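What follows draws every value from the coordinates through simple rules; no lab data is involved. Quick caveat: nothing in here was measured; it's all calculated off a predicted structure. Heads up, the Cβs are rebuilt from the backbone with ideal geometry, glycines too, and the neighbour counts pull from every protein chain shown.
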Amino acid sequence: MTRTPATTVEPAAPVAAPPASPFRMFHVRVAALQRLCPSLLRVTFTGDDLDRFADNGFDQRIKFFLPVAGSPYADLIDLGRTGDWYGTWRALPDDRRHPMRTYTARGVRPHPRELDVDVVLHGDTGPASRWASTAQIGDELVVMGPNADHVGPHGGVDFVPPARTDRLLIAGDETALPAIAGIVERLPRDARGEVLVEMPFSDDRLELGAPEGVHVHWLGRDGRAHGDLLVPGVQAAAARLLPGQAPAPDTDLEDVDIDHGMLWEVPVDHETGEPLATEAHLYAWLAGEAGVIKTLRRHLVRECGVDRRAVAFMGYWRQGRSEAN
């Protein structure tokens with residue numbers, strides 16, 4: 001009788017899990033509310049999976065998805081698992097598309113699973129301010145933020161000075177204050193430079209904990225127009241930070257149509273995330289109303305001759321227009 005040799009069945013190779021995406025959706029609820037100054041409210045969120053929210057500090061951008069009556073947040077949680085979450089979100093019907101706004105992760109505490117976000121209060125002028133003005137403990141929200149399970153850089157941090165930077169110039173309006181505060185508290189203690197923050201009122205001030213060599217200037221508009229104080233303030237600060245120097249101005253600076261495009265440039269290599277310049281006498285980070293920021297960038301690059309590779313500028317908003325949905 002002929003025996004048939006036994007057949008050895010090799011176990012199937014395990015299917016590799018797809019790599020974790022840099023950002024993910026977090027379903028959170030309001031745990032605490034704190035008025036930091038007349039124009040700024042701190043909202044502390046808690047959520048079961050906030051221990052997976054990466055703490056990158058500085059000006060880490062995140063997204064708020066605001067509530068829509070009759071539209072469950074389950075759609076958004078599923079949205080975060082798609083490759084093209086933005087395109088999928090844009091394609092949602094109007095009555096199911098949750099308004100999206102950009103904020104800064106102001107404080108991240110993986111344990112006990114808490115996230116702080118500072119929101120500017122400016123009345124009933126937009127869905128985010130309207131939501132914050134009426135927020136209560138227990139209110140739910142969905143936040144898109146950096147995923148701690150992702151291996152590699154997340155993106156969304158625009159403060160990337162060259163390794164050899166002599167001085168810093170950080171400036172913005174109230175919408176940039178949370179980012180500025182996050183940047184300042186993580187500066188090395190030997191940093192030198194100036195910080196200028198234009199706020200709606202003179203009483204709008206916070207303790208930023210700046211290093212001894214970094215001087216903070218609070219500029220209260222008190223009814224004046226956006227930029228009326230910030231523009232001359234930055235011009236004066238640049239003169240102090242660039243004493244006795246007359247570098248050749250950059251006359252080849254392209255114009256940006258801020259009414260039809262986004263004013264946003266971060267001088268980094270988009271593949272590596274490393275700064276384009278290896279050193280800078282002055283590194284500038286500017287954020288706020290697009291028209292004001294455009295003026296400041298032009299002054300620094302064209303008139304002061306600051307290397308454009310050492311100027312990060314972000315038009316967070318445009319006078320008379322809401323953030324595009």
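In terms of other Cβ atoms within 10 Å, ARG297, ARG96 run from fewest to most in the order ARG96, ARG297. Normalised by the number of residues in region 23-146, the mean separation of alpha-carbon contacts (under 8 Å, six or more apart) gives a relative contact order of 44 percent.
The relative contact order of the chain comes to 19 percent, based on Cα pairs under 8 Å that sit 6 or more residues apart.
Computed from Cα atoms alone, the Kirkwood hydrodynamic radius reported for region 164-317 is 15.8 Å.
Full extension of the chain segment joining MET262 with ALA225 gains 11.2 nm, where the gain is 0.36 nm per residue of separation less the Cα-Cα distance.
Could you check how many percent of all C-alpha pairs in the chain are farther apart than 29 Å? That tail contains 42 percent of the Cα-Cα pairs. Ordered by the number of other Cβ atoms lying within 10 Å of each residue's own Cβ, fewest first, TRP131, TRP285, TRP264, TRP89 fall into the sequence TRP264, TRP131, TRP89, TRP285. Within the listed set ALA284, ALA179, ALA239, the Gaussian network model of the chain (springs between alpha-carbon atoms below 10 Å) gives the highest mean-square fluctuation for ALA239. Across all C-alpha atoms in region 23-146, the radius of gyration and Dmax reach 13.9, 40 Å. Counting beta carbons within 10 Å around each of ILE170, ILE62 and listing the fewest first gives the order ILE62, ILE170. Look at the dipole of the chain built from charges on Cβ: of ALA210, LEU196, PRO19, the Cα furthest out on the positive end belongs to PRO19. Here the 3J(HN,Hα) profile of region 283-298, calculated from phi with Karplus coefficients 6.51, -1.76 and 1.60 at θ = phi - 60°, is 10, 10, 10, 10, 8, x, 4, 4, x, 5, 5, 4, 4, 5, 4, 4 Hz, Gly and Pro shown as x.
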